[in-house]
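Undergrad: Next up is a structure, given as structure tokens.
The values are calculated or read from the model by the stated rules, or taken from the named source; none is laboratory data. Quick caveat, the model's predicted, so the values are computed rather than measured. As a convention, Cβ positions derive from the backbone with ideal geometry for all residues, glycine included, and neighbour counts pool all protein chains shown. Side chains are part of the model used for accessible areas, which takes the heavy atoms of the whole protein and leaves out ligands, DNA and RNA. Shrake-Rupley method; radii C 1.70, N 1.55, O 1.52, S 1.80 Å.
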Amino acid sequence: MGGTLVSRLFTHAPGRVELLGNHTDYNEGVVLGAAIDRGINVAGSCRDDGMIQIHSHGFGKVEIPLSELRPRNEARWVNYALGVVRELIDLGVLVSGFHAEVTGDVPIGAGLSSSAAFELATALFLLKLFPRELAPLEIAKACQRAEHRYVGVQSGVLDQVIVLFGQANHAVFFDCRSEEIRLIPFPPDLALIVTESGKERALASGEYNLRREETHAAARVLAVPALRDVMSADLARRSDLPNLVRRRAAHVVGENERVWRAVKLLEAGDGIGLGKLMSESHESSRQNFENSTPELDLLVSIAQELPGVLGARLTGAGFGGATVTLCQRELAQEIATELSERYATENGITPRVLVCDIADGAA
Ligand code: GLA
């Protein structure tokens, strides 16, 4: 096998939790999230024979010539990485071929952005192998385009920004219109518990893209450039709106307002206030956006009854996946065990429960 050059390189990108700002990113809104202490690693070396070889311990091996770069139907998992290769080449990065080993410990398809972590770990790996200066936000957007073009999910840029810009013990605020990024210290006495519902999300199956269309249609009905430009008070005055339009808009508008309030609360160290907003957010997902599931609702309602819990909600796209629970750090392990046991009793599934630390991003 010819072509392997240079010493091995290694990159890591974390998963993320979305704390608030659900489905606001592609509506030019604001988001609040955090990188977590689980992620994806890419290690490998450069080749000069035009071959791409990617090996994942969980998914298998793919080997293709660069000249045949296109989305693969037979190994869809690799499309996140191949999409990134495509975008970087289009940005002028001189990729000559490479070998990459992919490992990780972030749950896949659980709403923790294993996909953005894979994209970013791949992008940073390639930019080390084939050096090129790109601004971090440009890298995040290239990864988002990879997902649009090679995976078929019209996702916003929330995941990539938080995966890249996260900082240990800080929440990340991102304004998708102005592109302002702010790091806000996270109260040290609080912890985040991520609980998988046991139902994988299937983003590309269409619900996600449908919500994108519905919210953009709502903006058109309201005659604004994006739902970012609407306030709850504006919506309350519009009794003429069709029910579906009102509910979809109410979710996005409410989420933007919750993010703004949460930033103030976090800056004042008010975890109780943040927790309340997270629980309100879940209720809006359930009633207005219909991106929750009975399993996610069950996890949230069990969590909300446990002493030491400040709030809980689904995290990420929804339609399955995981919840995030905000709680007192000293009770986190106890809460995690109780949550897991009660969910197993009521639902027959023992969920994976992770007490997460807020970690550094990939940049
Ligand atoms: C997924 C997408 C993000 C965002 C969230 C919902 O994680 O990848 O862009 O839209 O769903 O907030």
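Undergrad: Restricting to region 38-54, and then to whatever is over 13 Å from residue 125 (Cβ atoms) and surrounded by fewer than 18 Cβ atoms within 10 Å (Cβ to Cβ), can you tell me which residue is nearest to the chain's Cα centre (by Cα)?
TA: 50
Undergrad: Could you check region 296-352 and list, in sequence order, the residues that are more than 20 Å from residue 113 (Cα to Cα), polar (S, T, N, Q), touching a Ser or Thr at 6+ places or on another chain (Cβ under 8 Å) and outside any helix (DSSP H, G or I)?
TA: Correct list: 350 only.
Undergrad: Do we find that residue 147 is more than 13 Å from the ligand (Cβ to nearest atom) and in the same structural domain as residue 28 (by TED's automatic domain parsing) in this structure?
TA: When the stated conditions are applied, residue 147 does not pass them.
Undergrad: Here's something else I'd like to know. For the condition open to solvent by 30 Å² or more (accessible area, probe 1.4 Å), hydroxyl-bearing (Ser, Thr, Tyr), in contact (Cβ under 8 Å) with a residue 12 or more places away in the chain and not assigned by TED's automatic domain parsing to the domain that holds residue 73, what is the one hit in 232, 284, 301, 239? Talk me through it step by step, then tell me what you get.
TA: Numbers: 284 fails: open to solvent by 30 Å² or more (accessible area, probe 1.4 Å); 301 fails: in contact (Cβ under 8 Å) with a residue 12 or more places away in the chain; 239 fails: in contact (Cβ under 8 Å) with a residue 12 or more places away in the chain.
When all the criteria are applied, what remains is 232.
Undergrad: What pairs come up if the first residue lies in region 336-356 and is farther than 23 Å from residue 38 by Cα, the second is part of a helix (DSSP H, G or I) and open to solvent by 70 Å² or more (accessible area, probe 1.4 Å), and their beta carbons are under 9 Å apart, counting only those six or more places apart or on different chains?
TA: 342/305; 347/294
Undergrad: Within the set of pairs 6 or more residues apart or between chains, which connect a residue that is on the phi > 0 side of the Ramachandran plot and within 16 Å of the ligand (Cβ to nearest atom) inside region 179-208 to a residue that is modelled with pLDDT of 95 or more and not in a strand (DSSP E or B) with Cβ atoms less than 7 Å apart?
TA: From residues that are on the phi > 0 side of the Ramachandran plot and within 16 Å of the ligand (Cβ to nearest atom), the pairs are 179/137.
Undergrad: Taking region 65-106 as the search range and keeping residues that are in contact with an Asp or Glu (Cβ under 6 Å, 6 or more places away or on another chain) and touching a residue at least 60 places away in the same chain (Cβ under 8 Å), which one is most open to solvent (accessible area, probe 1.4 Å)?
TA: By that ranking, first place goes to 80.
Undergrad: Among residues belonging to region 317-345 that are touching a Lys or Arg at 6+ places or on another chain (Cβ under 7 Å) and at pLDDT below 95, point out the one that is most open to solvent (accessible area, probe 1.4 Å).
TA: Here the answer is 319.
Undergrad: Is it the case, given these coordinates, that residue 102 is within 16 Å of the ligand (Cβ to nearest atom) and on the phi < 0 side of the Ramachandran plot?
TA: no
Undergrad: Now for a different question. Which residues, taken from region 115-143, are crowded, with 24+ Cβ neighbours inside 10 Å and within 15 Å of the chain's Cα centre (by Cα)?
TA: 115, 116, 117, 118, 119, 120, 121, 140, 143
Undergrad: Oh, and also: Mind checking which residues of region 112-135 are within 10 Å of residue 160 (Cα to Cα) and more than 16 Å from the ligand (Cβ to nearest atom)?
TA: none
Undergrad: What's the number of the condition residue 110 fails, among (1) in contact with a Phe, Trp or Tyr (Cβ under 8 Å, 6 or more places away or on another chain); (2) open to solvent by less than 20 Å² (accessible area, probe 1.4 Å)?
TA: (1)
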